[in-house]
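Everything on this sheet refers to the single structure shown next.
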Amino acid sequence: MKYDKESLVLHEAVPGHIFQGSLARSMKDLPEFRKFYGNSAYAEGWALYAESLGSQLGVFKDPYNRFGQLASERFRAARLVIDTGIHSMGWTREQAQEYLKTHAPTQAQAEVDRYISWPAQALSYKMGQLKIVELRRKAEEKLGPKFDVRNFHDAVLRDGSLPLELLHEEVGKYIATGR
């Protein structure tokens with residue numbers, strides 16, 4: 001599927017994981033363990049948010065590429081249902097596979113085993129993305145014309161991987177000072 005490559009690059013490379021991880025590892029003031037600390041809600045939340053920047057960055061040059069982002073979102077929605085179905089609703093592996101086959105037929109069935117073995121992983125991705133989007137909207141609202149997306153992204157990334165509560169606090173400091 002060629003149409004999803006731009007979205008995948010945004011997620012995995014720049015401004016996604018590779019950019020985020022490289023930035024954290026290069027920070028002089030972070031303790032060593034924080035340079036490599038991982039937390040799905042933050043790291044994957046940032047990567048999903050990074051995918052959503054494709055239109056703003058001029059990456060999605062035509063509807064075909066924008067469709068790739070929407071197809072990725074549809075797949076992630078199916079993963080949320082599978083994750084919840086297995087761990088909260090008592091779905092069997094076969095039920096989850098059938099759901100994936102119906103709602104994201106181009107995706108590998110191995111995804112079901114991934115969510116069987118890693119409870120709430122899909123949920124953590126989406127929680128992180130939603131938190132970053134919420135914080136951006138709050139910053140845009142509070143700062144109005146003083147809002148600068150570059151400063152917002154700096155506030156999200158400058159302390160490395162954080163639990164979402166601490167990220168909320170750090171972005172609150174950015175909103176209070178504008179930097």
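The values are calculated or read from the model by the stated rules, or taken from the named source; none is laboratory data. It should be emphasised that the depicted structure is a prediction, and the values quoted were computed from it without experimental measurement. FYI the Cβ positions are ideal-geometry reconstructions off the backbone, even for glycines, and counts take in every protein chain you see.
Quick notes on this one:
- Condition met for Ala104 (at pLDDT below 95, within 16 Å of the chain's Cα centre (by Cα) and of a type in the set (Gly, Ala, Ser)): no
- Every listed requirement among (1) in a helix (DSSP H, G or I); (2) out of contact with any helix residue (DSSP H, G or I) (no Cβ under 9 Å at 6 or more places or on another chain) is met by Arg74 save one, (2).
- In the range 148-179, residue modelled with the lowest pLDDT [restricted to those that are among the hydroxyl-bearing types (Ser, Thr, Tyr) and assigned to a helix (DSSP H, G or I)]: Thr177
- Residue, farthest from Leu157 (Cα to Cα), within the range 93-120, restricted to residues that are surrounded by 15 or more Cβ atoms within 10 Å (Cβ to Cβ) and touching a residue at least 24 places away in the same chain (Cβ under 8 Å): His103
- The set of residues from the range 72-85 being of a type in the set (A, V, I, L, M, F, W, C) and either surrounded by fewer than 17 Cβ atoms within 10 Å (Cβ to Cβ) or under 14 Å from the mean Cα position of the chain (by Cα) (or both) comprises Phe75, Ala77, Leu80.
- Exclusive hit being among the small types (Gly, Ala, Ser), part of a loop (DSSP other than H, G, I, E, B), touching a helix residue (DSSP H, G or I) at 6+ places or on another chain (Cβ under 7 Å) and touching a residue at least 40 places away in the same chain (Cβ under 8 Å), set Gly45, Gly68, Gly38, Gly54: Gly54
- Qualifying positions in the range 10-54 - under 19 Å from Met127 (Cβ atoms) and of a type in the set (Asp, Glu): Glu44, Glu51
- So Ala13, is it within 16 Å of the chain's Cα centre (by Cα) and surrounded by fewer than 16 Cβ atoms within 10 Å (Cβ to Cβ): yes
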